[in-house]
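Undergrad: Sharing a structure with you now.
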Amino acid sequence: MTLSPVQLDALTLVSRLKREPAEHKGNAGKVMLIGGSPGMAGALLLAGNACLHMGAGWTILEMLDPASAHADADHPELMIQLAEVDPKLALSKFQPDIVAVGPGLGTSNLAQAWLKATLAYPNIPLIIDADALNLIAESNELISALQNRNHQFPGLSVLTPHPGEAAKLLKNSTEDVQADRIAAIGKLVELTYSIVVLKGQHTLIASPAHAIVQCMEGNPGMGTGGMGDALTGSIAAIAAQGIRHHLDLWEATGIAVQLHASAADSLVSKGTGPIGLTPSETILEMRSLLNKLL
């Protein structure tokens, strides 16, 4: 008999993020987000805005779309640049504390080069989402690189698939994943050796070192494009601050998942949504809730 997962209760950890008076941006971490291929720049901008509003010290966007690789007048704090053709050089130059790859990444040769470089970059938390997951699902080389990274640096990679992406990784169907989500996340952990966030109603989180937990917050208004990008940026920001504030990637992921879902519920309780609920609104509500919990 399959046991029911434990309910996620990560918001009790938020108090650890409270900043001391003398802290500066270096203490809040340097995050590099990679994606934004032509036509998909918005995905990377949403991830960047979430990262910014969740408190990262620096938010650097490596934008694959040349037409979108410029300063954002609405959020000039984002450090947006055209993605380097040599990802290893860029990673060496910026030396990020956290990397997130996938929002709007696409499947170009440059996208694949960036994904390979991030999988080879050692000993920092790595968040893998969206197109990065699809590329891994289609490549034995990339799945091996992910497995090898997690053997060397356990607990430092998190995957955030929705059911369709999970199905591609598992070589089955979305219907199969949804029919037994607990079995699906177990197989994903076994395949990738990663922390896995299986998104959807009552999002599940598991890892090789942790039993499955289930987020009971959230609502159907979250089923809109960009919500996953906002979650990716949020995990990155909280993990970046967690370096100084003693939160590991598992804990940071749990906080972000529960905060994301709770913010959506909070907005609905105020009459915003569920229909028409946007990721941008959810990001701002997450910031509000986060600061109330400190």
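Undergrad: Among the residues that make up region 54-77, is at least one of them buried (at least 21 other Cβ atoms within 10 Å of the Cβ), charged (D, E, K, R) and touching a strand residue (DSSP E or B) at 6+ places or on another chain (Cβ under 7 Å)?
TA: Looking for residues that are buried (at least 21 other Cβ atoms within 10 Å of the Cβ), charged (D, E, K, R) and touching a strand residue (DSSP E or B) at 6+ places or on another chain (Cβ under 7 Å), one finds at least one in region 54-77, hence yes.
Undergrad: Moving on to the next point. Being out of contact with any Pro (no Cβ under 9 Å at 6 or more places or on another chain), within 28 Å of residue 59 (Cβ to Cβ), at pLDDT 95 or above and among the polar types (S, T, N, Q) narrows it down to one of 224, 232, 160, so name that one.
TA: Sole residue among the options that is out of contact with any Pro (no Cβ under 9 Å at 6 or more places or on another chain), within 28 Å of residue 59 (Cβ to Cβ), at pLDDT 95 or above and among the polar types (S, T, N, Q): 160.
Undergrad: Being hydrophobic (A, V, I, L, M, F, W, C) and in a loop (DSSP other than H, G, I, E, B) is the filter here, so list the residues in region 233-276 that pass it.
TA: Once the filter is applied, which keeps residues that are hydrophobic (A, V, I, L, M, F, W, C) and in a loop (DSSP other than H, G, I, E, B), region 233-276 yields 247, 275.
Undergrad: Okay, next question. Does residue 272 satisfy being of a type outside the set (Gly, Ala, Ser) and without any contact (Cβ under 8 Å) to a residue 24 or more places away in the chain?
TA: So residue 272 fits the description; yes.
Undergrad: Starting from residues that are open to solvent by 40 Å² or more (accessible area, probe 1.4 Å) and among the aliphatic types (A, V, I, L, M), keep the ones in region 12-47 and report whichever is nearest to residue 111 (Cα to Cα).
TA: It comes out as 40.
Undergrad: Can you say whether residue 118 is closer than 13 Å to residue 34 by Cα, open to solvent by less than 50 Å² (accessible area, probe 1.4 Å) and among the polar types (S, T, N, Q), as far as the supplied structure shows?
TA: In short, yes.
Undergrad: Using beta carbons and a limit of 6 Å, which pairs, at least six apart or on different chains, have the first residue in region 251-263 and closer than 15 Å to residue 47 by Cα and the second one open to solvent by 10 Å² or more (accessible area, probe 1.4 Å) and among the β-branched types (Val, Ile, Thr)?
TA: Note: pairs meeting the criteria are 257/203.
Undergrad: Evaluate region 185-199: report whether one residue or more is assigned to a loop (DSSP other than H, G, I, E, B), touching a residue at least 40 places away in the same chain (Cβ under 8 Å) and open to solvent by 10 Å² or more (accessible area, probe 1.4 Å).
TA: Yes - at least one qualifying residue is present in region 185-199.
Undergrad: Considering each residue of region 194-207, count those that are within 18 Å of residue 239 (Cβ to Cβ) and not charged (D, E, K, R), and give that number.
TA: Going through region 194-207 one residue at a time, the tally reaches 8.
Undergrad: Based on what the data block shows, is residue 241 under 24 Å from residue 165 (Cα atoms), touching a Leu at 6+ places or on another chain (Cβ under 6 Å) and not charged (D, E, K, R)?
TA: no
Undergrad: If you don't mind, there's one more thing I want to ask. Helices (runs of 4 or more DSSP H) wholly in region 39-141 with at least 2 residues that are farther than 24 Å from residue 286 by Cα - which ones?
TA: Those helices (runs of 4 or more DSSP H) span 87-94, 109-120, 130-137.
Undergrad: Continuing with the same structure: State which residue pairs qualify: first residue over 26 Å from residue 202 (Cα atoms) and β-branched (Val, Ile, Thr) and inside region 142-171, second residue at pLDDT 95 or above and open to solvent by less than 10 Å² (accessible area, probe 1.4 Å) in any location, beta carbons under 6 Å apart, and separation of 6 or more residues or different chains.
TA: Pairs that qualify, where the first residue is over 26 Å from residue 202 (Cα atoms) and β-branched (Val, Ile, Thr) and the partner is at pLDDT 95 or above and open to solvent by less than 10 Å² (accessible area, probe 1.4 Å), are 143/136.
Undergrad: While we're here: Only one residue in 128, 98, 143 is surrounded by 15 or more Cβ atoms within 10 Å (Cβ to Cβ), closer than 17 Å to residue 196 by Cβ and touching a strand residue (DSSP E or B) at 6+ places or on another chain (Cβ under 6 Å). Which one?
TA: 128
The values are calculated or read from the model by the stated rules, or taken from the named source; none is laboratory data. Nothing here was measured: the structure is a model prediction, and the numbers come from that model. For neighbour counting, all protein chains shown are included, and Cβ atoms are generated from backbone atoms with ideal geometry for every residue, glycine included. These area figures cover heavy atoms from the full protein model, side chains too; ligands, DNA and RNA do not enter into them. Shrake-Rupley method; radii C 1.70, N 1.55, O 1.52, S 1.80 Å.
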